[in-house]
Amino acid sequence: MTRNDWTKEEILDIYNKPLMELLYEAATIHRKHHDPNKVQVSTLLSIKTGGCPEDCGYCPQAARYHTDIEGNDLMSVSQVKAQALRAKASGSSRVCMGAAWRNVKDGQEFDNVLEMVRTINKLDMEVCCTLGMVTENQAQRLAEAGLYAYNHNLDSSEEYYKEVISTRGYQDRLDTIGNVRKSNVTVCSGGIIGMGESLEDRAGMLVALATLNPQPESTPINALVPVEGTPLEEQQKVSIWEMLRMVATTRIVMPETQVRLSAGRTDMSREGQAMCFFAGANSIFAGDKLLTTPNPDVNEDMEMFKLLGLEPQKPFEKKSQPQTVSAEESQYKPLGEKPKWSRPGHTIERNVEAKQKAKTKV
Ligand code: SF4
C-alpha cells in the first residue's frame with residue numbers, strides 16, 4: 001500500500017538501516033510492484049541549452065557562471081524528430097526534452113515545443129518535457145498535444161533549497177507540480193544528492209515527494225556532477241553507498257514510482273548500477289550526454305542490460321498513450337499570463353562568488 005504520511009524520522013530510520021536489511025526490504029517491495037527485470041530507458045535531449053537566468057548552484061547552464069558549455073537556440077521540430085528516431089532505434093521508450101528556461105512563456109517558441117510533443121507522440125514514444133515553471137493552462141496545452149510526463153525536480157529539502165537557489169522558491173516548484181497534476185500528464189520529480197546537504201535534507205526531500213498525493217510517477221535520483229565554474233565545483237562526489245541507500249529508501253517510501261538513475265552514472269561501476277537495480281531503480285537516462293554532463297554510451301548500457309538479463313520497458317506499459325490534438329483543434333488558447341513566480345531574493349555567497357569569478361575570467 002502506498003502511504004502519503006511519511007515523516008522525516010521514519011525515512012531517516014529506513015535510510016540508516018544496516019545495508020543488507022535495507023536492500024532486502026527495498027528489493028522485496030520492488031518485486032511486489034514492478035517486474036524486476038524491466039528498466040525504462042529515457043533519452044534526454046537538450047532542445048535549448050544555456051543562457052538561463054536562474055542561479056541554480058549546480059547548473060552549468062546558468063548564464064551567470066563561467067562554464068565551457070556551448071549554448072544553442074531552440075532546436076527545430078525536424079531536428080528533434082531525427083533525434084527521437086535515433087533514440088527509439090537504440091531502445092529508448094521515452095524522449096525527455098529540456099529547455100533552459102525559468103518558466104514557459106506563451107508564444108512561438110512554446111508553440112514549437114507543442115509541435116515537438118505531437119511529433120514524438122506520433123512516433124509512439126512517451127514524451128516528457130522539462131521547461132521550468134508552467135501555469136495550469138500551459139500544462140493543459142501540453143497534455144492536449146500528447147505529453148506523457150512533465151519533469152520538475154524539487155532538488156533537495158525545502159530548507160536546503162535556499163542554500164542552492166535564490167531566484168525562485170520551493171513553493172513555485174510545488175505549484176508547478178500541482179498545475180501539471182490538474183492535467184492528464186504524469187509527474188516526474190526528484191532531486192540531487194551530493195550538493196552539501198545533510199542526511200536530514202535527503203530525508204526532507206523524500207518527505208516532500210512521498211507526501212504528494214498521488215506520488216510522482218517517476219523520480220530521478222541524481223548524484224551531483226560538480227562542473228568547473230559553478231558554485232558547487234568543489235563538492236565531493238557521492239559514494240555508491242550513499243546512492244544505494246537513497247535509491248533503496250526512495251523505493252520503500254514510493255513503491256509504485258519509477259526510480260531513475262540519472263546524473264552521475266558515469267562514476268558508477270556496472271556492479272554499483274546492478275546493486276541499484278536490485279534496490280529498486282528501474283529507469284535510466286540513455287545517451288552520451290545528460291543535458292550538458294557526461295553519461296554512459298547507449299551501446300554500453302545495452303551490453304550491461306544483456307549481462308544482467310534486463311530488458312528495456314516498452315512505451316505505455318504503465319499508462320496508455322495520450323491522444324494528440326492538433327494545434328487547429330485545440331480547445332485551450334494561450335492566455336498570455338504573466339504569473340508572479342517568486343524571487344525570494346536572499347543571497348547565497350558561493351553563487352555570488354562564482355558570478356564574480358566568471359566576470360573576471362573573461
Ligand atoms: S537547472 Fe534549469 S532553471 Fe536552474 S539554471 Fe539550470 S537550466 Fe536554469
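All of the numbers you see were taken from the coordinates with simple rules; none came from a lab. All values reported here derive from a predicted model rather than from experimental measurement. Glycine gets a Cβ as well: all are built from the backbone with ideal geometry, and neighbour counts include every protein chain shown.
Descriptive notes on the structure:
- Single residue of MET97, MET75 found to be away from the ligand (no atom under 15 Å from the Cβ) and either in contact (Cβ under 8 Å) with a residue 24 or more places away in the chain or closer than 30 Å to PHE278 by Cβ (or both): MET75
- Index of the failed condition, ASP155 passing every other in (1) more than 15 Å from the chain's Cα centre (by Cα); (2) at positive phi; (3) not hydroxyl-bearing (Ser, Thr, Tyr): (1)
- Against the test of being touching a residue at least 24 places away in the same chain (Cβ under 8 Å), surrounded by fewer than 22 Cβ atoms within 10 Å (Cβ to Cβ) and within 14 Å of the ligand (Cβ to nearest atom), the options SER166, SER156, SER198 yield a single qualifying residue, SER166.
- The condition (being surrounded by fewer than 23 Cβ atoms within 10 Å (Cβ to Cβ) and under 17 Å from CYS96 (Cα atoms)) is satisfied by just one residue among THR211, THR292, THR219, THR266: THR292.
Let's see how each residue does on (1) within 29 Å of GLU317 (Cα to Cα); (2) touching a helix residue (DSSP H, G or I) at 6+ places or on another chain (Cβ under 8 Å); (3) not basic (Lys, Arg):
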| site | (1), (2), (3) |
| --- | --- |
| LYS17 | no, yes, no |
| PRO36 | yes, yes, yes |
| HIS66 | no, yes, yes |
| GLY91 | yes, yes, yes |
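- GLU349 vs. criteria of a type in the set (Asp, Glu) and either in contact with a Ser or Thr (Cβ under 9 Å, 6 or more places away or on another chain) or crowded, with 16+ Cβ neighbours inside 10 Å (or both): no
- The test for being over 25 Å from LEU307 (Cβ atoms), within 16 Å of the ligand (Cβ to nearest atom) and of a type in the set (Gly, Ala, Ser) does not hold for GLY107.
- Strands (runs of 3 or more DSSP E) completely within the range 170-272 that count 3 or more residues being farther than 26 Å from SER342 by Cα and of a type outside the set (Phe, Trp, Tyr): 258-261
- Restricted to the range 335-362, and to residues there that are free of Cβ contacts under 8 Å to residues at least 60 places away in the same chain and either among the polar types (S, T, N, Q) or touching an Asp or Glu at 6+ places or on another chain (Cβ under 7 Å) (or both), the residue that is farthest from PRO226 (Cα to Cα) is THR360.
- Close Cβ contacts (under 8 Å, 6 or more residues apart or on different chains) running from residues in the range 103-122 that are under 12 Å from GLU144 (Cα atoms) to residues that are surrounded by 17 or more Cβ atoms within 10 Å (Cβ to Cβ) and among the aromatic types (Phe, Trp, Tyr) comprise ASN121/TYR148.
- Residue in the range 278-301 that is within 16 Å of the ligand (Cβ to nearest atom), within 19 Å of the chain's Cα centre (by Cα) and of a type in the set (Lys, Arg) present: yes
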